[in-house]
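The values are calculated or read from the model by the stated rules, or taken from the named source; none is laboratory data. Keep in mind that this is a model prediction, so the values were computed, not measured. With ideal geometry, Cβ positions are generated from the backbone for all residues, glycine too; neighbour counts draw on all protein chains shown.
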Amino acid sequence: MGQTNFSERTKFVLDDDRMPRAFYNIAADLPEPPPPPLHPGTGQPIGPADLAPLFPMELIKQVVSTDREIEIPDPVRDAFALYRPSPLYRARRLEKALDTPAHIYYKYEGVSPSGSHKPNTAIAQAFYNKQEGVTRLATETGAGQWGSALAFAGSLFGLEVKVFMVRASYDQKPYRRILMETYGANVVASPSRDTGYGSGVLAQFPDHTGSLGMAISEAIEDTVTHPGTKYSLGSVFDFVLLHQTVIGQEAIEQMMMAGEEPDTVIACVGGGSNFAGLAFPFIGRQLRGEGSYRVIAVEPTAAPSLTRGKYDYDFGDTGEMAPLVKMHTLGHNFVPPPIHAGGLRYHGMAPLVSKLVDDGLVEARAVAQIATFEAGVKFARAEGIVPAPESNHAVRVAIDEALAAREEGRTRTILFNLSGHGHFDLSAYESYLTGRLEDYEYVPLESANADEKELAGAAA
């Protein structure tokens with residue numbers, strides 16, 4: 001057999017025993033702690049007892065921990081071994097198509113059973129809930145990637161799963177719903193008639209397209225009204241971002257295998273989980289003086305919490321049941337347009353990501369829907385992988401940065417997170433390819449028309 005020409009190597013895979021043994025906790029390296037969550041009723045900082053009705057105690061401990069490393073339990077690592085470590089690719093064919101001197105790398109999370117990065121926290125949350133004796137989980141999902149991941153994790157640990165899926169995505173992505181149901185989950189469109197909150201919205205607007213904020217309110221109501229149930233979420237909260245850091249830890253080692261250090265790190269952001277997963281270990285290195293990176297968080301122009309939102313305390317849900325957290329927010333009554341990147345249709349951003357943006361450690365950029373699908377098609381035709389609509393936001397900016405390198409005539413080393421595949425999103429690609437895909441812009445509530453304001457009123 002001939003030797004591999006490593007100068008042309010495109011895939012970098014770690015051995016199974018190099019899978020991370022601990023989650024990385026960025027709180028240990030922050031110069032100052034982030035502002036604390038506040039109780040939705042009293043407005044005072046919340047303690048573990050306030051979170052106990054929603055989450056198992058081991059997850060609550062992770063929220064308040066300042067340890068840099070939090071050990072990954074063996075049953076969680078055993079489940080991770082179904083798909084981790086995930087591969088890192090050098091996008092040589094894309095580089096050639098762009099005629100750029102930039103070196104482009106992407107960490108591919110679409111190899112998980114549910115097709116995205118989401119099982120990294122779904123598996124962990126399912127384990128900790130099972131360990132505490134929980135029998136049922138309630139959650140929300142936008143595009144369905146998180147719901148699919150939790151349904152999968154529930155099947156691994158013998159937990160019932162109830163999923164409130166945002167109506168816009170429920171209608172756009174029936175195969176995501178079918179995947180969740182195949183794993184055993186009970187899926188309903190949100191707003192639904194399964195909760196008092198959802199019934200109230202539908203009484204005024206039977207065809208409401210929903211929002212993640214609404215679906216969160218329904219999931220929380222379901223949790224507190226069903227014995228043996230805890231709430232599970234796929235983004236925003238600190239322990240969710242913590243679990244995703246296996247991505248960046250692996251990527252650091254894989255970039256060393258490639259013999260390069262990224263100068264630019266890119267990921268899409270909706271609530272912040274896949275962005276944190278890739279970027280936090282690199283930002284941690286920077287905070288410790290071990291590296292220097294330009295880090296870019298990419299969001300949709302239709303829901304631009306980082307680039308157009310206010311950095312302030314706000315509710316994480318529309319029904320004002322979740323804790324108040326300091327984050328970049330468009331307002332918890334914001335009803336996003338029905339873009340195909342359903343996982344990015346959220347009014348706020350993870351508090352930890354928001355703080356890093358406010359501290360100047362992360363650059364935020366917003367891109368429009370058509371431009372992201374243009375980038376996704378270009379990527380698919382060069383690299384063969386069809387990205388999820390959410391991931392297309394990162395692809396768009398990676399391409400833009402590579403083209404800027406071409407114009408400048410200098411090399412850049414770009415790393416981005418390809419957070420999931422788009423196999424269940426082909427109707428969105430069909431809309432793009434046939435010229436029917438729309439662009440949507442953010443409309444602040446004070447600038448909205450009467451119908452939009454009425455929808456927001458119904459959300460509240």
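Pairs are defined by a Cβ separation below 8 Å, a sequence spacing of at least 6 or placement on different chains, a first member in the range 32-61 that is on the phi > 0 side of the Ramachandran plot, and a second member that is not polar (S, T, N, Q); the pairs so defined are GLY43/LEU324. Restricting attention to the range 245-264, the residues being in a helix (DSSP H, G or I) and either among the hydroxyl-bearing types (Ser, Thr, Tyr) or farther than 15 Å from ILE414 by Cα (or both) number 6. Candidates in the range 150-175 are the residues that are under 27 Å from LEU202 (Cβ atoms) and outside any helix (DSSP H, G or I); of these, the one that is farthest from the chain's Cα centre (by Cα) is GLU160.
A quick yes/no check of all residues on (1) under 28 Å from PRO387 (Cα atoms); (2) among the charged types (D, E, K, R):
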| position | (1), (2) |
| --- | --- |
| THR223 | no, no |
| LEU242 | yes, no |
| ASP263 | yes, yes |
| ILE266 | yes, no |
| SER273 | yes, no |
| GLU290 | no, yes |
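Does ARG308 meet the test of being basic (Lys, Arg), surrounded by fewer than 22 Cβ atoms within 10 Å (Cβ to Cβ) and in contact with a strand residue (DSSP E or B) (Cβ under 9 Å, 6 or more places away or on another chain)? It is true that ARG308 is basic (Lys, Arg), surrounded by fewer than 22 Cβ atoms within 10 Å (Cβ to Cβ) and in contact with a strand residue (DSSP E or B) (Cβ under 9 Å, 6 or more places away or on another chain). Where helices (runs of 4 or more DSSP H) fall entirely within the range 325-409, those with at least 3 residues that are more than 15 Å from the chain's Cα centre (by Cα) and closer than 26 Å to THR209 by Cβ are at 369-383.
Count of the range 285-304 residues, restricted to those that are of a type in the set (Ser, Thr, Tyr) and not in a loop (DSSP other than H, G, I, E, B), is 0.
Please indicate, with yes or no, whether at least one residue in the range 312-333 is in contact with a helix residue (DSSP H, G or I) (Cβ under 8 Å, 6 or more places away or on another chain), of a type in the set (Gly, Ala, Ser) and on the phi > 0 side of the Ramachandran plot. Checking the range 312-333: at least one residue is in contact with a helix residue (DSSP H, G or I) (Cβ under 8 Å, 6 or more places away or on another chain), of a type in the set (Gly, Ala, Ser) and on the phi > 0 side of the Ramachandran plot.
Rundown of residues vs (1) farther than 18 Å from TYR89 by Cα; (2) surrounded by fewer than 24 Cβ atoms within 10 Å (Cβ to Cβ); (3) out of contact with any helix residue (DSSP H, G or I) (no Cβ under 6 Å at 6 or more places or on another chain); (4) in contact (Cβ under 8 Å) with a residue 60 or more places away in the chain, yes/no style:
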| position | (1), (2), (3), (4) |
| --- | --- |
| GLU221 | yes, yes, no, yes |
| GLY228 | yes, yes, yes, yes |
| MET257 | no, yes, yes, yes |
| VAL265 | no, no, no, yes |
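Might you let me know whether the range 93-107 holds any residue that is under 25 Å from ALA27 (Cα atoms) and without any contact (Cβ under 8 Å) to a residue 40 or more places away in the chain? Within the range 93-107 (the criterion being under 25 Å from ALA27 (Cα atoms) and without any contact (Cβ under 8 Å) to a residue 40 or more places away in the chain), the answer is no, since none of the residues qualifies. Would you say ALA456 is at pLDDT below 90, of a type outside the set (Ser, Thr, Tyr) and either at negative phi or not in a helix (DSSP H, G or I) (or both)? Here the answer is yes, as ALA456 does meet what is asked.
Answer yes or no: is there a residue in the range 270-280 that is part of a loop (DSSP other than H, G, I, E, B), over 16 Å from the mean Cα position of the chain (by Cα) and of a type outside the set (Lys, Arg). There is no residue in the range 270-280 that is part of a loop (DSSP other than H, G, I, E, B), over 16 Å from the mean Cα position of the chain (by Cα) and of a type outside the set (Lys, Arg). Within the range 117-161, being in contact with a Pro (Cβ under 6 Å, 6 or more places away or on another chain) and closer than 11 Å to GLY234 by Cα holds for one residue alone: ALA149. Within the range 202-219, take every residue that is out of contact with any strand residue (DSSP E or B) (no Cβ under 9 Å at 6 or more places or on another chain) and among the hydrophobic types (A, V, I, L, M, F, W, C) and give me the one that is surrounded by the fewest Cβ atoms within 10 Å (Cβ to Cβ). Within the range 202-219, the match that is surrounded by the fewest Cβ atoms within 10 Å (Cβ to Cβ) is ALA203. Any chance the range 337-344 includes a residue that's small (Gly, Ala, Ser), buried (at least 24 other Cβ atoms within 10 Å of the Cβ) and at pLDDT 95 or above? No, every residue in the range 337-344 fails to be small (Gly, Ala, Ser), buried (at least 24 other Cβ atoms within 10 Å of the Cβ) and at pLDDT 95 or above.
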